[in-house]
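Structure first, commentary second.
Just so you know, all these numbers are worked out from the coordinates, no wet-lab data involved. For clarity, every value in this text was computed on a predicted model and none was experimentally measured. FYI the Cβ positions are ideal-geometry reconstructions off the backbone, even for glycines, and counts take in every protein chain you see.
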Amino acid sequence: MKGPMRVHYDEEGDFLEISAGKPTKCYATEIQSGVFLRRDEETGEVKSIGILGLKKRSKTIKDIELDLPVELSLVA
């Protein structure tokens, strides 16, 4: 994942999405229950990760610590 990072949390749907780079046409794959990777249709580059049921996966919403199923390399 390259480019500016965006984090969006939908409290009503309890869904967290972390994305990077310019939005492109993507497809999503559920890599484990409730965890989705979105990849660019042309390059296969990971563009975002989405986590459904975030509150159930973390002890407190103030201090979220998750073991992400992918390695993120974010460059400033």
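The rule of thumb for compact globular proteins, 2.2 N^0.38 Å, goes into the C-alpha radius of gyration of segment 5-57 1.13 times.
Among 37-44, 7-14, the peptide with the highest mean count of other Cβ atoms within 10 Å heads the list, and the full ranking is 37-44, 7-14.
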